[in-house]
Amino acid sequence: MGESLTVQGANGSYPMLVKPGALSEELPGFADERGFARVVVVTNTTIAPLYGEELVKQLPGGHLITVPDGEEYKTLETVETIYTSFLEAGADRSTLIVALGGGVIGDMAGFAAATFMRGVALVQAPTTLLSMVDSSIGGKVGVDLSQGKNLVGAFKDPLAVFADTNVLKTLPDIELRCGLAEALKNAIIGDAPLLIHLLARGLDPAEETIRRAAAVKVKLVEEDRLEHGPRAFLNLGHTFGHAIEKVSNFEWKHGLAVAVGMVAAARLSAQHGLCKTELAEQIERTVEASKLPTRFSGIEPADIWDAMKHDKKWRDGTTHFILLKGIGVPVIVRDVTRDEVIGVLESMKN
Ligand SMILES: NC(=O)c1ccc[n+]([C@@H]2O[C@H](COP(=O)([O-])OP(=O)(O)OC[C@H]3O[C@@H](n4cnc5c(N)ncnc54)[C@H](O)[C@@H]3O)[C@@H](O)[C@H]2O)c1
Ligand SMILES: [Zn+2]
């Protein structure tokens, strides 16, 4: 695998570059070669002084738009301020928009680019590990409503993804670990050798690790652009994870909840007769080696089950779970009972 992956989008393919220095060394030339006279970078107040201000100086007709930092700003209101700033910057249909940030900026600036003047060109420049291995891939963009996350959105493929691994040096450790949980998830559902590597090395945001974790998502998205089938495998650990986030009133961060959720899914797989207990133990050891949680406390298993009832996939007194027959062999299972889930969760209480 070279420095870049090729992603098959809805309208042709585009490159995803994973490389230290990708932003300063590659993005300006890319914008120039593609003939963009104006490039508008959308970022937040944390990333602007770290990377945004330098980057716009290097871009043709560079202009910086800064929004507040946080999921609570991933709203239509903020998108409206972005549209206004686009107009003030003189943006039109020939402008390139760069989404410089984590998943929040990628989703929101991507949505603004998908809708401003019925769509302008977009580059994703992910700056968190999570956005490099997950949210910048697959073209889903959008914002939250007060009623729930990601309720408004679109599919918008970028012209390219520039993942500059140098920026991970300033990423807070907790964010790195949350991203690692999703990287681990991708390895478990689609890349057994990567999982063994992660087990040996633990926390390791090296280029090759990121590229391979990203490649798992790229492959699943290509197989299932509109989410009718295999893309659901990316939700390993998420049925449990979302419920734990909710029951804890979002005190559990998404990545950490997914990590403990993956342990639960692996145990449930063994319990359900899909795999040997050794597989669940191996997954648990890998999660642990990555300094991610494998146990929880202060939450009742029955409450976690009840929170799952709000899952979009809830039907006939249960929901669907992504379980494992082996590493790289995820399956969707619909016949899991409350007793099985509670049993697994009881065994994971601290
Ligand atoms: N579109 C998709 O397919 C998809 C998939 C998964 C998640 N998401 C979305 O992604 C979002 C979560 O993304 P996230 O985990 O990247 O969170 P985030 O974008 O909120 O970033 C986390 C924090 O790290 C800071 N930060 C980012 N890069 C930094 C850097 N290099 N140095 C220092 N600080 C930095 C941010 O300012 C923020 O405070 C959620 O809104 C979720 O819905 C989307
Ligand atoms: Zn996730």
| message | Name the residue that is surrounded by the most Cβ atoms within 10 Å (Cβ to Cβ), counting only residues in segment 167-199 that are more than 16 Å from ligand 2 (Cβ to nearest atom), among the aliphatic types (A, V, I, L, M) and without any contact (Cβ under 8 Å) to a residue 60 or more places away in the chain. | response | 194
| said: I'd like to verify a number: residues in segment 37-93 that are among the hydroxyl-bearing types (Ser, Thr, Tyr), part of a helix (DSSP H, G or I) and over 14 Å from residue 109 (Cα atoms), how many? | reply: 1
| task | Give segment 13-72 a look and list any residue that's of a type in the set (Gly, Ala, Ser), in contact with a Pro (Cβ under 8 Å, 6 or more places away or on another chain) and surrounded by fewer than 17 Cβ atoms within 10 Å (Cβ to Cβ), or say none. | result | 37
| said: For the structure I just gave you, tell me whether residue 221 is assigned to a strand (DSSP E or B) and within 13 Å of ligand 1 (Cβ to nearest atom). | reply: no
| message | For residue 163, only one of the following conditions fails: (1) small (Gly, Ala, Ser); (2) away from ligand 2 (no atom under 16 Å from the Cβ); (3) in the same structural domain as residue 286 (by TED's automatic domain parsing); (4) crowded, with 24+ Cβ neighbours inside 10 Å. What is its number? | response | (3)
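Only one of 68, 49, 60, 158 is within 19 Å of residue 15 (Cβ to Cβ) and either away from ligand 1 (no atom under 13 Å from the Cβ) or modelled with pLDDT of 95 or more (or both). Can you tell me which?
Numbers: 68 fails: within 19 Å of residue 15 (Cβ to Cβ); 49 fails: within 19 Å of residue 15 (Cβ to Cβ); 60 fails: within 19 Å of residue 15 (Cβ to Cβ).
The match here is 158.
Looking at 335, 303 in this structure, which one is modelled with pLDDT of 95 or more and surrounded by fewer than 19 Cβ atoms within 10 Å (Cβ to Cβ)? Please lay out each step first, then the result.
On the way: 335 fails: modelled with pLDDT of 95 or more.
None of the other options fit; the residue is 303.
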| task | For residues that are of a type in the set (A, V, I, L, M), surrounded by 24 or more Cβ atoms within 10 Å (Cβ to Cβ) and farther than 11 Å from residue 78 by Cβ, tally how many sit in segment 97-116. | result | 5
| Hey, among the residues in segment 125-163 that are charged (D, E, K, R) and touching a Phe, Trp or Tyr at 6+ places or on another chain (Cβ under 9 Å), which one's nearest to residue 23 (Cα to Cα)? | 157
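Has segment 83-98 got any residue that is within 16 Å of ligand 1 (Cβ to nearest atom), under 21 Å from the mean Cα position of the chain (by Cα) and either farther than 17 Å from residue 124 by Cα or in the same structural domain as residue 144 (by TED's automatic domain parsing) (or both)? Steps first, please.
Here is the first cut: in segment 83-98, the ones within 16 Å of ligand 1 (Cβ to nearest atom) are 97-98.
Within this subset, residues satisfying the condition of being under 21 Å from the mean Cα position of the chain (by Cα) are 97-98.
Applying the additional criterion that residues be either farther than 17 Å from residue 124 by Cα or in the same structural domain as residue 144 (by TED's automatic domain parsing) (or both) yields 97-98.
For segment 83-98, residues within 16 Å of ligand 1 (Cβ to nearest atom), under 21 Å from the mean Cα position of the chain (by Cα) and either farther than 17 Å from residue 124 by Cα or in the same structural domain as residue 144 (by TED's automatic domain parsing) (or both): present.
Criterion first (modelled with pLDDT under 95 and either within 16 Å of ligand 2 (Cβ to nearest atom) or on the phi > 0 side of the Ramachandran plot (or both)) does residue 229 satisfy it? Give the derivation first.
Details: modelled with pLDDT under 95: yes; either within 16 Å of ligand 2 (Cβ to nearest atom) or on the phi > 0 side of the Ramachandran plot (or both): no.
No: the conditions fail for residue 229.
Name the single residue, out of those in segment 226-262 being small (Gly, Ala, Ser) and under 17 Å from the mean Cα position of the chain (by Cα), that is surrounded by the fewest Cβ atoms within 10 Å (Cβ to Cβ).
Of all residues in segment 226-262, those small (Gly, Ala, Ser) come to 229, 232, 237, 241, 243, 248, 255, 257, 259, 261.
Retained after the next criterion (residues that are under 17 Å from the mean Cα position of the chain (by Cα)): 232, 237, 241, 255, 257, 259, 261.
On the way: 232: 17, 237: 30, 241: 26, 255: 27, 257: 27, 259: 29, 261: 29.
That would be 232.
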| remark: residue 310 vs (1) outside any loop (DSSP other than H, G, I, E, B); (2) in contact (Cβ under 8 Å) with a residue 60 or more places away in the chain; (3) not acidic (Asp, Glu): all pass except (1)
| message | I'd like to verify a number: residues in segment 313-347 that are of a type outside the set (Phe, Trp, Tyr), over 24 Å from residue 278 (Cβ atoms) and assigned to a loop (DSSP other than H, G, I, E, B), how many? | response | 6
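Name the single residue that is nearest to ligand 2 (Cβ to nearest atom) among those in segment 232-271 being in a loop (DSSP other than H, G, I, E, B) and closer than 15 Å to residue 345 by Cβ. Walk me through how you get there before you give the answer.
Narrowing segment 232-271 to residues in a loop (DSSP other than H, G, I, E, B): 236-237, 248-253.
Now drop any that are not closer than 15 Å to residue 345 by Cβ, which leaves 237, 248, 252.
Numbers: 237: 8, 248: 16, 252: 12 Å.
Across segment 232-271, the extreme among qualifying residues is 237.
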| request: Report, ordered by the first and then the second residue, all pairs with beta carbons closer than 8 Å, sequence separation of six or more or different chains, a first member in segment 41-62 that is without any contact (Cβ under 8 Å) to a residue 12 or more places away in the chain, and a second member that is within 16 Å of ligand 1 (Cβ to nearest atom). | output: 53/64
| query | If residue 275 satisfies every condition in (1) part of a loop (DSSP other than H, G, I, E, B); (2) without any contact (Cβ under 8 Å) to a residue 24 or more places away in the chain but one, which is the exception? | reply | (2)
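The values are calculated or read from the model by the stated rules, or taken from the named source; none is laboratory data. Since we're looking at a predicted model, the values are computed, not measured. So basically every Cβ, Gly included, is an ideal-geometry build from the backbone, and we count neighbours across all protein chains shown.
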